[in-house]
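Here is the structure we will look at.
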Amino acid sequence: MFYLYYKRIFLISRNCPNYKYRLTDETLALLRTFQSLAWKQTHSIYMSYHERLVDIYTSKKKMTMMPVKINGNDFKFSVGKHNELQKAIIEQFAPRFAPGAECLYVGDTIEKDLVKNTEKLAELGFEITLHDKMPDVVLYRKDVNWIYFIESVTSVGPMNPKRLIEIQDMTKKVNAGKIFVTAFLDFKTYKKFSEDLAWETEVWIADMPEHMIHLNGDQFMGPR
């Protein structure tokens with residue numbers, strides 16, 4: 001029994017060899033009264049303190065979630081650069097370059113299928129299986145029948161020729177005009193991947209939201 005409390009008290013990170021640890025007053029009292037008549041009371045105090053810390057940490061974690069409005073509904077992304085970029089795609093890219101578009105799919109780094117309109121995707125001709133790797137964001141603009149496949153890139157996964165073929169194979173039966181976009185947070189990240197990007201695709205950089213880079217010869221953004 002004592003061993004279990006010992007494990008909880010002295011949990012030390014292997015990645016921080018120089019980190020200094022010290023016992024709290026509650027933990028010290030717990031150790032001093034172990035197997036004594038006062039154990040029950042100090043144990044109760046310690047557990048109460050421990051549970052309050054759990055609540056505080058959980059509360060802080062919830063507060064760091066990023067609110068985002070998708071298709072008029074409120075959602076929350078977990079914190080991270082990838083989701084920060086996805087939030088920018090939905091809130092900044094879509095109104096500028098896909099006005100009135102509906103988000104048919106967007107994942108989260110924790111909740112994979114945060115939004116997934118399976119019925120509409122199937123109606124458009126998607127062949128969706130558990131093994132398919134969906135683009136990070138899929139938008140559909142009904143007024144012009146355009147569908148946007150957008151990769152949110154912070155470290156891996158741009159619209160390179162291989163990725164382009166994968167999505168085209170997955171959407172062979174989709175009759176809507178297809179637009180392929182790679183989104184980056186900043187120009188520095190774009191330059192890192194610029195040589196890998198496929199022709200006939202688009203680039204959007206969140207730091208410069210009003211502009212697009214078109215890798216498609218003499219045509220501007222539009223379906224192929």
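With contacts defined as alpha carbon pairs under 8 Å and 6 or more residues apart, what's the relative contact order of the range 64-144 in percent? Mind dumping the intermediate values first?
Values: 89 pairs, mean separation 21.8, N = 81.
That works out to 27 percent.
How much length is gained if the chain between Asp196 and Asp74 is pulled fully straight, taking 0.36 nm per residue apart and subtracting their Cα-Cα distance, in nm to one decimal?
Values: separation 122, 0.36 × 122 = 43.92 nm, distance 3.50 nm.
Answer, rounded to one decimal: 40.4 nm.
Mind checking the full-extension length gain between Lys81 and His214? Use 0.36 nm per residue of separation minus the Cα-Cα distance, one decimal, nm. The partial results should precede the final answer.
Numbers: separation 133, 0.36 × 133 = 47.88 nm, distance 2.39 nm.
Stretched out fully, the Lys81 to His214 stretch lengthens by 45.5 nm.
Place the peptides 172-181, 78-87 in order of packing, highest mean first, counting for every residue the other Cβ atoms within 10 Å and averaging per peptide.
Values: 172-181: 16.4, 78-87: 18.9.
By packing density, highest mean first, the sequence is 78-87, 172-181.
How much accessible area per residue does the range 95-216 have, counting only protein heavy atoms and a probe of 1.4 Å, in square angstrom?
Values: 6290 Å² over 122 residues.
Heavy-atom SASA per residue in the range 95-216 reads 52 Å².
Quick one: what do you get for the range 134-216 if you divide its Cα Rg by 2.2 N^0.38 Å? Walk me through the numbers before you get to the answer.
On the way: Rg = 12.4 Å, N = 83, 2.2 N^0.38 = 11.8 Å.
Scaled against compact globular proteins, the figure is 1.05.
The values are calculated or read from the model by the stated rules, or taken from the named source; none is laboratory data. Quick caveat, the model's predicted, so the values are computed rather than measured. Glycine also receives a Cβ, built like all others from the backbone with ideal geometry; neighbour counts cover every protein chain displayed. Note: areas computed on protein heavy atoms with side chains; ligands, DNA, RNA excluded. Shrake-Rupley method; radii C 1.70, N 1.55, O 1.52, S 1.80 Å.
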